[in-house]
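The values are calculated or read from the model by the stated rules, or taken from the named source; none is laboratory data. Please read all numbers here as calculations on a predicted model, not as lab measurements. Neighbour counts are summed over all protein chains in view; Cβ atoms, including those assigned to glycine, are modelled from backbone coordinates with ideal geometry. The area values use the complete protein model at the heavy-atom level, side chains included, leaving out ligands, DNA and RNA. Shrake-Rupley method; radii C 1.70, N 1.55, O 1.52, S 1.80 Å.
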Amino acid sequence: MMHYDVNLRPFTATVVDRRPKTRPKDPFENIDFPSHQAPMSRDASIAGIVEEEIHQVSPQSSSSSLDSPFMCTPKSFPPTPASRSLVLARGTRFADDVVFLARDHLRVQGNLDSDNERTRAMANALRAGKRLAVFNAEDVAGGIALSCGQHVATKIGNPLYSSARSMCPVLRNCYVYFEMTIMIPPPGPNARSTPTTLSVGLSTLEMPLNTLVGAWKSSVGLCSTGQIMSAGQWCSPGDNLSSYGNAATVGCLVRLDDSSPFETWDGVMVTASVTFNVNGVILSTPVSTSPLTAGPLIPEPPNNENQSMNETQGSQQPRGVPSATLQLLVPMEEELFPTLTLHSHATQVMCRFSAEDVVATSRTIIGAPEDATVYAVDGSVLFDGKNSP
């Protein structure tokens, strides 16, 4: 492009078009409109041409083509490298969302034909409620962006804590297992240099989304520092180191038991047993000052004097519960949701709420009892009580 020296003093320029007044070239002649009409007058603006062409096409074609943010023709493709990269990235995200959502819908359809009654019931509930086992876009903090069909949560905002809950709760009166994997940040000049800080756990709908999971009542979370917060109380595992970071997979096994409800000042409560593992290593029993919120699930055998009191407080646990578990009190009318809290900026975490996505290969890795069926969040069977190790 040639450049000329232009006087910086104000001036008035008049442009006169001396070309013969012939029919102008239609700027949209390379776009195949379903009902393309005659071109407008040459003095019409580009915005007017686009608006009239949109009204000329049928409503169905307008909603599928012109209204789509991914329609880029040779006339509308952004000219600068930065704008082109944004358009290409947006198209890539759209393609990823379509593939992930199609896969999730096929999984729900396949679970409808399962031999397991709970799996079929959960699949029917998901289909009737139009839900999937992913992060809930309507139950996520403002500083989190969801991608890959709402399977990946990324911290993009400046809030201190940003939480995201799953779209569906865990099943009751059975063992449910899920995992979350911290993704490795891509290399480059904008790569994150700060440590990865987050927390993975469970919460009810009462917990605000700007709160660290575990800091609210009836919630528990394993922080990346290796500490566990349960109902607002910190506790550290006894023996093994449980801190984690990029490329780590955090697993959580939970059983929400409705068989032994008991009265408290906050209403009727039930017990949820929670077991965490990091990369297949089960966390040892933590030491806490509050046995009702984060103490060991298997208490010492009570004597005859306080046996009735312990049964009233719900300290009796179901048989087969592993010793490396936590006890969490949950209101009987509330549901538990897998929850993620992100603290460090640009941290990406992928949820694994289906049996086909879970990394764990045996029940010993996750701390599940023998002969107990373990389900994923979407209701699919992860380990069958009769056939799996």
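Yes/no per residue for (1) more than 25 Å from LEU205 (Cα to Cα); (2) touching a strand residue (DSSP E or B) at 6+ places or on another chain (Cβ under 9 Å):
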{"residue": "ASP97", "(1), (2)": "yes, yes"}
{"residue": "GLN109", "(1), (2)": "yes, no"}
{"residue": "LEU112", "(1), (2)": "yes, no"}
{"residue": "ARG127", "(1), (2)": "no, no"}
{"residue": "ALA133", "(1), (2)": "no, yes"}
{"residue": "GLU138", "(1), (2)": "no, no"}
{"residue": "ALA141", "(1), (2)": "no, yes"}
{"residue": "SER147", "(1), (2)": "no, yes"}
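Residues are listed down the side, and each one gets a yes or a no for (1) at pLDDT below 90; (2) open to solvent by 30 Å² or more (accessible area, probe 1.4 Å); (3) among the small types (Gly, Ala, Ser); (4) within 28 Å of the chain's Cα centre (by Cα):
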| residue | (1), (2), (3), (4) |
| --- | --- |
| THR264 | yes, yes, no, no |
| SER284 | yes, no, yes, yes |
| THR289 | yes, yes, no, no |
| GLN307 | yes, yes, no, no |
| LEU328 | no, no, no, yes |
| GLU333 | no, yes, no, yes |
| HIS343 | no, yes, no, yes |
| SER354 | no, no, yes, yes |
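Would you be able to tell me the number of residues in the range 368-383 that are farther than 23 Å from ARG103 by Cβ and surrounded by fewer than 22 Cβ atoms within 10 Å (Cβ to Cβ)?
At the first step, the residues of the range 368-383 found to be farther than 23 Å from ARG103 by Cβ are 368-373.
Next, only the ones that are surrounded by fewer than 22 Cβ atoms within 10 Å (Cβ to Cβ) stay: 369-373.
Residues meeting the conditions: 5.
When THR364 is evaluated against the numbered criteria (1) in a loop (DSSP other than H, G, I, E, B); (2) farther than 25 Å from VAL140 by Cα, which criterion, by number, is the only one it fails?
Unmet condition: (1).
Look through the range 104-158, keep the residues that are surrounded by 15 or more Cβ atoms within 10 Å (Cβ to Cβ) and charged (D, E, K, R), and return whichever of them is nearest to THR197 (Cα to Cα).
Result: LYS155.
Mind listing whichever residues of the range 159-169 are open to solvent by less than 20 Å² (accessible area, probe 1.4 Å) and under 17 Å from ARG107 (Cβ atoms)? If you could, list the steps in order and put the result at the bottom.
Taking the range 159-169 as the starting set, the residues that turn out to be open to solvent by less than 20 Å² (accessible area, probe 1.4 Å) are 162-166, 168.
Those that are open to solvent by less than 20 Å² (accessible area, probe 1.4 Å) and under 17 Å from ARG107 (Cβ atoms): SER166, CYS168.
Give the range 219-262 a look and list any residue that's among the small types (Gly, Ala, Ser), crowded, with 22+ Cβ neighbours inside 10 Å and part of a strand (DSSP E or B), or say none. Break it down stepwise before answering.
To start, the set of residues in the range 219-262 that are among the small types (Gly, Ala, Ser) comprises 219, 221, 224, 226, 230-232, 236, 238, 242-243, 245, 247-248, 251, 259-260.
Remaining after also requiring crowded, with 22+ Cβ neighbours inside 10 Å: 219, 221, 224, 230, 242, 251.
Correct list: GLY221, SER230, GLY251.
Find the residue count for the range 103-155, including only residues that are of a type in the set (Ser, Thr, Tyr), closer than 21 Å to PRO186 by Cβ and assigned to a loop (DSSP other than H, G, I, E, B). Reasoning before the result, please.
Restricting attention to the range 103-155, the residues satisfying the condition of being of a type in the set (Ser, Thr, Tyr) are 114, 119, 147, 154.
Filter once more, keeping what is closer than 21 Å to PRO186 by Cβ: 147, 154.
In the following step, the residues that additionally are assigned to a loop (DSSP other than H, G, I, E, B) were identified as none.
Matching residues across the range 103-155 total 0.
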